[in-house]
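The values are calculated or read from the model by the stated rules, or taken from the named source; none is laboratory data. Predicted, not measured: the structure shown is a model, and the values here were computed from it. For neighbour counting, all protein chains shown are included, and Cβ atoms are generated from backbone atoms with ideal geometry for every residue, glycine included. The accessibility values were calculated without ligands, DNA or RNA, using every heavy atom of the protein model including side chains. Shrake-Rupley method; radii C 1.70, N 1.55, O 1.52, S 1.80 Å.
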Amino acid sequence: MKVFGWLYDKVLSWSQHRRAPTILAGLSFSESVVFPIPPDVMLAPMAMTQPEKAWRFALITTLASVLGGIAGYWLGYFLFDPVVLPLVEWAGYQDKLIRVTSWFQDYGFWIIFIAGFSPLPYKLFTVSGGMLGVAFIPFVLGSIISRGLRFFLVAWLLKTGGPKMAVHLRTYIDRIGWGMVILIIIAYVWTR
């Protein structure tokens, strides 16, 4: 079943849309506050199909993500009890909030750096940072450095491959996609 090839072609066409940089900025901002899909899914094809603009796309992603992180911080700082806590309880994320809080206490600045660079859900750390009253300037600096490193690395990797990589990747996208589905199912079953 060649589902992923069709999806891959769609994403590549969206990445070349004239409003793609604006959509990338919106996705990057919202992912740092509430949205579950990381901006890499838009940044990667944009950098791959338009390598001459890869650095610009990485900068847009970084700035919008950091601004979203700041919004998440202030959301946690000012509206944690009336807005965020009921959402955390509704989603059943109390244990995750406790874990993130302990990581802040154990690692301080470095947890922002790690969350900003890694696939950890950055939004949990931005809102928790505000809720805990983490020092704002180190929070912003950690976000700028870690998000910048992550997004410029993605842009560099895909800029290097360029349009040739897009064609080559298209050949294997269905195998990769189904492999990921199988891994997700195995991980889900294993953790239950």
**OP:** Identify the residue in the stretch 153-166 that is surrounded by fewer than 19 Cβ atoms within 10 Å (Cβ to Cβ) and either out of contact with any Pro (no Cβ under 9 Å at 6 or more places or on another chain) or of a type in the set (D, E, K, R) (or both) and, among all such residues, is nearest to SER65 (Cα to Cα).
**Re:** LEU153
Subject >> Answer from ALA71, ALA47 - the residue that is over 17 Å from LEU7 (Cβ atoms), in contact (Cβ under 8 Å) with a residue 40 or more places away in the chain and in contact with a Phe, Trp or Tyr (Cβ under 6 Å, 6 or more places away or on another chain) >> reply: ALA47
Subject >> Neighbours by Cβ (under 7 Å, 6+ apart or cross-chain): first from the stretch 141-158, assigned to a helix (DSSP H, G or I); second open to solvent by less than 70 Å² (accessible area, probe 1.4 Å) and charged (D, E, K, R) >> reply: VAL154/ASP40
